[in-house]
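The values are calculated or read from the model by the stated rules, or taken from the named source; none is laboratory data. All of these numbers come straight from a predicted model, not from anything done at the bench. With ideal geometry, Cβ positions are generated from the backbone for all residues, glycine too; neighbour counts draw on all protein chains shown.
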Amino acid sequence: MKLTTHGTQRVGWRILVVGILLAVMLNAIPTGTVSASLTSYEIFSLQIHLPEGARIEYLRLYYYDSNPSMDSIAWITTYDGAGNFSDLINVSSFGSAGYGQALSAYFAHVVDNEAATYVLNWRPRVFDSSMRLMGMRVAYRLPDGAGGWAANYSYLHVAGCTFTPVSSQVEWRYPGGGGVYATSWDHFLPFLRK
């Protein structure tokens with residue numbers, strides 16, 4: 001190898017270019033989930049459409065919860081289009097045994113699609129795969145036409161992967177074992193801000 005100024009400069013530029021490429025790649029490739037930025041208000045939601053006049057009676061949450069110190073919560077919210085909202089009912093995951101389901105208390109709400117929009121919500125409270133949303137099921141009864149309600153329930157089933165994050169800095173991930181969980185995408189933000 002000749003030690004000339006011209007040759008040293010080429011090697012120097014090559015080292016600089018390789019260093020820059022490595023720095024970019026290490027910052028762009030996600031190396032895991034980031035848990036530090038999750039706050040208690042991170043919510044995943046899904047607008048639902050129920051038959052007009054149906055009576056909602058139960059909300060069932062299907063989940064995976066292996067976190068012994070935190071539980072997730074699911075609920076139904078109505079929005080009236082004028083900035084007002086009302087939370088109808090909620091149900092929480094519980095324990096840390098893994099896969100489970102929880103049923104809300106009974107409540108009766110008659111669907112009025114003209115006056116309100118209906119939204120399912122889920123708040124995981126943790127940012128890792130120890131808390132996953134498998135899905136939800138809304139149980140409702142249809143009017144029987146004689147002023148009462150049908151004897152059998154009808155159901156609206158929704159998969160966890162159909163929910164979208166409310167925050168623009170949160171996304172869901174699929175762990176391969178069912179359900180979705182919350183994670184941050186802060187590792188991409190430096191490149192998105194450029």
Inset, instruction - Please enumerate the residues belonging to the stretch 69-83 that are farther than 24 Å from Asp128 by Cα and loosely packed, with under 12 Cβ neighbours inside 10 Å. - result: Gly81, Ala82, Gly83
Inset, instruction - Taking the residues in the stretch 109-125 that are of a type in the set (A, V, I, L, M) and outside any strand (DSSP E or B) as candidates, determine which candidate is surrounded by the fewest Cβ atoms within 10 Å (Cβ to Cβ). - result: Ala115
Legend entry - Residues of the stretch 81-98 classified as within 21 Å of the chain's Cα centre (by Cα) and either acidic (Asp, Glu) or at pLDDT 90 or above (or both), total: 9
Legend entry - Condition check for Arg55: under 15 Å from Val158 (Cβ atoms), in contact with a Phe, Trp or Tyr (Cβ under 7 Å, 6 or more places away or on another chain), surrounded by 13 or more Cβ atoms within 10 Å (Cβ to Cβ) and modelled with pLDDT of 95 or more: no
Inset, instruction - Using the structure shown, decide if Gly145 is surrounded by fewer than 17 Cβ atoms within 10 Å (Cβ to Cβ), in contact (Cβ under 8 Å) with a residue 40 or more places away in the chain, in the same structural domain as Pro165 (by TED's automatic domain parsing) and at positive phi. - result: no
Inset, instruction - Among the residues of the stretch 126-148, write down those that are closer than 18 Å to Leu59 by Cα, not in a loop (DSSP other than H, G, I, E, B) and not charged (D, E, K, R). - result: Leu133, Met134, Gly135, Met136, Val138, Ala139, Tyr140
Legend entry - Residue check, Tyr140 touching a residue at least 60 places away in the same chain (Cβ under 8 Å), loosely packed, with under 15 Cβ neighbours inside 10 Å and either in the same structural domain as Ile48 (by TED's automatic domain parsing) or closer than 19 Å to Gln47 by Cβ (or both): no
Inset, instruction - Select from the stretch 149-176 the residues that are assigned to a loop (DSSP other than H, G, I, E, B) and over 18 Å from Tyr58 (Cα atoms) and write down the one among them that is modelled with the highest pLDDT. - result: Phe163
